[in-house]
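These notes are about the structure you will find just below.
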Amino acid sequence: MYGNHVLLRSLNPLAVARGDDIPNAVTIGDVSLSRGDILGAATSVAERVSQADRLAVLATPSVKTVLAVVGCLIAGVTVVPIPPDAGQVEREHILRDSGAQAWLGEAPEDTAGLQVLPVRQHARSWHSYPDPHPSSIAFVLYTSGTTGPPKGVLISRDAIAAGIDALAQAWQWTWKDTLVHGLPLFHVHGLILGLLGPLRIGSPVIHTVKPTPERYAAARGTLYFGVPTVWSRIADDEESARALSGARLLVSGSAALPVPVFDKLRELTGQAPVERYGMSETLITLSTRADGDRRPGSVGVPVAGVETRLCGETGEILPHDGEAIGALQVRGPMLFDGYLNNPEATAKSFTEDGWFDTGDVASIEPDGFHWIVGRASTDLIKTGGYRVGAGEIETVLLGHSSVDEVAVVGIADDDLGQRIVAFVVGTDIDEQVLIDLVAGALSNHKRPREVRVVDSLPRNAMGKVLKKQLG
């Protein structure tokens, strides 16, 4: 029952019963739970929800969220994480589309007519449940919804186990680590990697509630997760950055880490960050390794069990020569089981021979290192007969001292097809200086034809820039 196949194998009741426990398995803010605390309270949750099919969890950074999720996993009930800041329209869409039967734990003021089932931190049950089938669906994770209503991504227990184990190998992640992060608990990065990862591997996790430089520095962990915005703020706080010099690994994901931030973190902490790539549908498929090369701007090589390929516009397979740019397609054991209630979207996302089309554009070096250009719909710019990646232009612009943030897009142009436009946040911006900078660093046809200075860039809940709102 509690062999290596069990998803959260560190919550082994036999081990807990014989005293093999740690007092700080999960810490959120000022509250710490031992493995026994989690197992007893979550099993109490499981007893109350075991007859349910799908339950909504308002995924606040709290102990109740942890116990709700673990309780459902014990009972074999599918979790539908709801972003705490979701608007009413988005929240109602997720509840309706997922078929969630009730709220478990916390709930918003408008419950949409659903019952609210309580989660009690100090309740205890030691009832024994058989491990749910590995192919059963653990989560319905909803996409960011940047190209329409969010789609429900079906993630199995098997996929989660395979994804975590592949990262444990790539990052040399063991029970000896202490993971620190302050990421949202409703998506892959914070929830699956940042909570289920430690509970599978056995490493303590400290959730800082808010991902501030000061809280990251105070936690004194060995393994840190952050998105580029978090790492940028840490890089700008020299004292906090230097406090992370004792860490074993700094991991960045969810968006591209600007090369200047990469370089500054390496300077202040003494180590280069690890970058990785994935999405709700695939979990993490690419990463630089703890024992390997770390190249600024690259998301590394395939993790264990993953294959990748590049596909051209007419379906041809492109070479891994570092020059060809094409659609990135992947396959591996951590891929999703399809979109809930949306067989057409599921079929459209896979090729006839079974590869998942990520929707991203990339290039691959001969030695397997991957470089993500960006989304095919927004980051591949076709201008004057050239195919240009927005990412490399953004990297150059971010290297200028006047630029804090930038998003490069292609805007329809009668002459060029698309003209390159850079939306820039910064101080004392000289547009021509930035245009010339790109022309000199890359090539003339990659220069922005226009630089627009803005106060901020539109972003979604995960901090990703919504480029479709620019233009």
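The values are calculated or read from the model by the stated rules, or taken from the named source; none is laboratory data. These numbers come from a predicted model, not from an experiment. No Cβ is skipped: glycine too gets one built from the backbone with ideal geometry, and neighbour counts run over all protein chains shown. Only protein heavy atoms, including side chains, enter the accessible area calculation; ligands, DNA and RNA are left aside. Shrake-Rupley method; radii C 1.70, N 1.55, O 1.52, S 1.80 Å.
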| task | Take the range 282-307 and flag every residue that is open to solvent by 20 Å² or more (accessible area, probe 1.4 Å) and touching a His at 6+ places or on another chain (Cβ under 9 Å). | result | V301, P302
| message | Return the pair list, or none, for Cβ contacts closer than 9 Å from residues in the range 438-455 that are closer than 13 Å to G384 by Cβ to residues that are of a type in the set (A, V, I, L, M) and assigned to a loop (DSSP other than H, G, I, E, B), at least 6 apart or on different chains. | response | R449/L416
| request: Output the number of residues of the range 1-56 satisfying the condition of being closer than 19 Å to R157 by Cβ, of a type in the set (S, T, Y) and outside any loop (DSSP other than H, G, I, E, B). | output: 1
| task | Pick out the one residue from D177, D131, D158 that is open to solvent by 50 Å² or more (accessible area, probe 1.4 Å) and not small (G, A, S). | result | D158
| said: What's the total number of residues in the range 423-448 that are of a type in the set (G, A, S), over 18 Å from I381 (Cβ atoms) and exposed (fewer than 15 other Cβ atoms within 10 Å of the Cβ)? | reply: 1
| remark: I192: passes all of (1) part of a loop (DSSP other than H, G, I, E, B); (2) under 21 Å from M334 (Cα atoms) but (1)
| request: Please verify whether the range 124-139 includes one or more residues that are at pLDDT 95 or above, of a type in the set (A, V, I, L, M) and not in a loop (DSSP other than H, G, I, E, B). | output: yes
| request: Please state which one of T395, T383, T378, T351 is more than 19 Å from the chain's Cα centre (by Cα), in contact (Cβ under 8 Å) with a residue 12 or more places away in the chain and open to solvent by 50 Å² or more (accessible area, probe 1.4 Å). | output: T395
| Only one of these conditions is not met by T111: (1) without any contact (Cβ under 8 Å) to a residue 12 or more places away in the chain; (2) open to solvent by 40 Å² or more (accessible area, probe 1.4 Å). Which number is it? | (2)
| task | Report the residue count in the range 7-64 for those that are free of Cβ contacts under 8 Å to residues at least 24 places away in the same chain and open to solvent by less than 20 Å² (accessible area, probe 1.4 Å). | result | 3
| request: Check the range 275-284 and report whether any residue there is in a strand (DSSP E or B) and over 21 Å from G389 (Cβ atoms). | output: yes
